[in-house]
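Heads up: the structure comes next, in structure tokens.
The values are calculated or read from the model by the stated rules, or taken from the named source; none is laboratory data. What you see is a predicted model, and the numbers here were worked out from it, not measured in a lab. Note that each Cβ is placed from the backbone with ideal geometry, even for glycine, and that neighbours are counted across all protein chains shown. In case anyone asks, the SASA skips ligands and DNA or RNA and just uses the protein heavy atoms, side chains included. Shrake-Rupley method; radii C 1.70, N 1.55, O 1.52, S 1.80 Å.
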Amino acid sequence: DLALSLAEWSLDKARDFQVAVLLSHALIAAAAARAPTDPPAARALLEELRGVLDASFAYYNVFELPQMLRSAHEIAGLELAEQLTEWITGGVPTQRCARTYGDALLAEARREHEAAAAGFAAAALAWHDFGVPYEEGQALLGQGRCLVALGRVAEAAPLVEQARAIFSSLGAKPALAESQQILSTARPEESS
């Protein structure tokens, strides 16, 4: 509730200022905060974001790109997720990390789990090298999901455990819960 109220306040202020970078920050935060309880409103914010995006957003806000893509996949469907992913050109190394992650999300959504697992592995390594643990954890989690979908549970478990450890150290409760849910699938004997 607090996150949603802060996101709404930020969005109101950003709309008042009409500065694209501020507005894009606020739209992504508000979409992520609304997604669990109001997916249509979150989708509308992501649709609005498409009209705000410009090259400066991708350069200055590169660390928000993965959250934008996760929100799009969670609530907006494949078409919008594709449009938002394709918009990321990969002009600088961190943008390439985000694009690699986005392409892996798209492959996962298309049930191309082998390609998605490879993409998530590359993204995890790149985010690790850039010192962005949360995104490294998200990429490891994606790789684990894909390996579970491929029936390669023994390979998935240590990756998801690594993601869980990252999320635990960061206090990232929703991501931690997702990693624990996947671990219970990967290691059913531990969930009983």
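Output the residues belonging to region 11-20 that are closer than 14 Å to Glu48 by Cβ and either in contact with a Phe, Trp or Tyr (Cβ under 8 Å, 6 or more places away or on another chain) or surrounded by fewer than 21 Cβ atoms within 10 Å (Cβ to Cβ) (or both). Matches in region 11-20: Asp12, Arg15, Gln18, Ala20.
Being out of contact with any Phe, Trp or Tyr (no Cβ under 7 Å at 6 or more places or on another chain) and crowded, with 19+ Cβ neighbours inside 10 Å narrows it down to one of Leu2, Leu23, Leu78, so name that one.
Working: Leu2 fails: crowded, with 19+ Cβ neighbours inside 10 Å; Leu78 fails: crowded, with 19+ Cβ neighbours inside 10 Å.
Result: Leu23 is the single residue among Leu2, Leu23, Leu78 that is out of contact with any Phe, Trp or Tyr (no Cβ under 7 Å at 6 or more places or on another chain) and crowded, with 19+ Cβ neighbours inside 10 Å.
In region 125-148, which residues are under 13 Å from Ala98 (Cα atoms), of a type in the set (A, V, I, L, M, F, W, C) and touching a residue at least 24 places away in the same chain (Cβ under 8 Å)? Once the filter is applied, which keeps residues that are under 13 Å from Ala98 (Cα atoms), of a type in the set (A, V, I, L, M, F, W, C) and touching a residue at least 24 places away in the same chain (Cβ under 8 Å), region 125-148 yields Ala126, Trp127, Phe130, Val132, Ala139. No other residue among Leu159, Leu170 is more than 17 Å from Glu108 (Cα to Cα), open to solvent by 10 Å² or more (accessible area, probe 1.4 Å) and modelled with pLDDT of 95 or more apart from Leu170. Restricting the first member to region 22-51 and to residues that are over 18 Å from Gln83 (Cβ atoms), and the second to residues that are buried (at least 20 other Cβ atoms within 10 Å of the Cβ) and charged (D, E, K, R), the beta-carbon pairs closer than 7 Å and six or more apart or on different chains are Ala41/Arg34. Count of region 34-56 residues, restricted to those that are assigned to a helix (DSSP H, G or I), open to solvent by 30 Å² or more (accessible area, probe 1.4 Å) and under 11 Å from Ser71 (Cα atoms), is 3.
Can you tell me how many residues in region 100-117 are open to solvent by 60 Å² or more (accessible area, probe 1.4 Å), closer than 24 Å to Thr185 by Cβ and either in contact (Cβ under 8 Å) with a residue 12 or more places away in the chain or within 15 Å of the chain's Cα centre (by Cα) (or both)? Summing the residues that are open to solvent by 60 Å² or more (accessible area, probe 1.4 Å), closer than 24 Å to Thr185 by Cβ and either in contact (Cβ under 8 Å) with a residue 12 or more places away in the chain or within 15 Å of the chain's Cα centre (by Cα) (or both) in region 100-117 gives 3.
Taking region 95-192 as the region of interest, the helices (runs of 4 or more DSSP H) fully inside it that hold 1 or more residues being closer than 18 Å to Leu69 by Cβ are 113-130, 133-149, 153-170, 173-186. Looking across region 173-184, the residues that are open to solvent by 40 Å² or more (accessible area, probe 1.4 Å) and farther than 12 Å from Gly142 by Cα come down to Lys173, Pro174, Ala177, Gln180, Gln181, Ser184. For Cys97, the criteria (1) at pLDDT 95 or above; (2) surrounded by 24 or more Cβ atoms within 10 Å (Cβ to Cβ); (3) not aliphatic (A, V, I, L, M) hold in every case but one, which is (1).
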